[in-house]
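First up is the structure itself, then whatever we jot down about it.
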Amino acid sequence: LVRKRVVDLVLTDLRLPTDSGIGVLREVKALNPMIPVVVMTAFSDVREAVEILKQGADDYLVKPTNPEDIKKLTLRIFEKSVLIREAFLPPQTGFASSPEAAGIIYRSERMAKMMQIAARSAESDATVVISGESGTGKELVAHFIHQRSRRRDGPFITVNISALPESLAESELFGHKRGAYTGADADRLGRFELADGGTLFIDEVGDIPPTIQVKLLRTLQFGVIERVGENTPRRLNVRIIAATNRNLKNMVDTGKFRTDLFYRLNVINLELPPLRQRKEDIPPLVDHFIAQYNGRDERSIKGLSREAMDRLMKHDYPGNVRELENIIERSVVLCPRAYITEGDLSLSEGEDFSSPCPDGLDLPYSEAMIRFERSYIEKALATAGGNKSSAARAIGISERHLRSRLQRLYPNGAEFPY
């Protein structure tokens, strides 16, 4: 019921015929943490009441209850909900923003803890690895660390390893001498030299080829580089912040990433949670993006309808914050009214992994899993524009593994869309 309809309050008994009230509580909060849940119990045990609240319930009732108790509790819950919604409204001037970092919007405890570590890491020159799914905002966090560090007046240079052919990655990072290879018509500064005195942000560090991993390790150890085509060491003063959407420890275990480089890089690890695990951040992010695109396009969208916000809270966001921003940008541009409604939202097509299987339990397990995997891989390929290498990186598997799964899922090749 909660999945399919907008719900203002869930009132559940602690003991149910086929489940427990705690199970209902967890499922509702996973779908939409802003829906209030009240648990009723026949026992007045303080320890049980504390446990109910610890599990995330907004309140509890001891049976037997009377209508007046339920009325008072309902009023109290709704007053609390109104206060929470008002706290998420943008201020009269400027955007809704966290006090810790302009531009990084959050209210969740998980993000607050991560940002506290990020702020402390800015005080040193230790290397940092920011891990998280695509679209979670890794570059924003890297820029935040740079801006709070003593290097803030120096350059902040970025390089995306996954966007570089292996043949050019070494020259892009370390530069080259004129004549180093065919087409090298002049000396060229690499990203390390451009970042001297500042910060170099290496995105998708897990994609660095093994031959270049050796040179990167030497730079981290001794603070020197050598351009391609010359033997003259150049001493630099650069802080490294790296990011990845892959599990570097697993890559070390399988021999795809050097152990010594992993420990040189991974002095401080920041893990950015996906948006589906911090749904409390969706309302302030929505307000921020509405204000941002109102200003850009001279629109006057005031907010979202209750149904639209409920739909956003229940969406799974495989594309994370980047996907939410895209949804709001499109809605602001196309909405003809002051408030965005559910019909104005353009959520990703296909299976919604937060919803139960549309066929219920009618399908055998093996067939249901094949359908799920097909949908999952097709989404990854669609996001990557049909590029199998990029799609494999996005979902954390090798391109060889992806091709193997495609052969199994589409044995005749005719129904494969890419």
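Only the coordinates and a few stated rules stand behind these numbers; no lab work does. Everything numeric in this text was worked out from a predicted model, so none of it was measured.
Here's how it looks for G303: its modeled amide H is under 5 Å from those of I340, which are all 5 or more places away or on a different chain. Beyond 29 Å in Cα-Cα separation lie the following of the pairs K54/K249; K138/K256; K249/K314: K54/K249; K249/K314. Coupling constants for the range 16-33 follow from the phi torsions by the Karplus curve (6.51 cos²θ - 1.76 cosθ + 1.60, θ = phi - 60°), and in residue order they are 10, x, 10, 7, 10, x, 5, x, 4, 4, 4, 5, 5, 5, 5, 6, 8, x Hz; glycine and proline get x.
Put simply, the Cα atoms of the range 204-263 extend 35, 22, 17 Å along their principal axes, the longest span coming first. Remark on L61: its backbone amide H falls under 5 Å from those of V39, M40, T41, a criterion applied only to residues 5 or more positions apart or on other chains, H modelled at 1.01 Å from N. The calculated Kirkwood hydrodynamic radius for the range 109-271 is 16.2 Å, given to one decimal from all distinct C-alpha pairs. Annotation: lysines with alpha-carbon distance below 17 angstrom to K63 (same-chain offsets under eight excluded): K71, K72. The ratio of the alpha-carbon radius of gyration of the range 277-344 to the globular-protein estimate 2.2 N^0.38 Å is 1.01.
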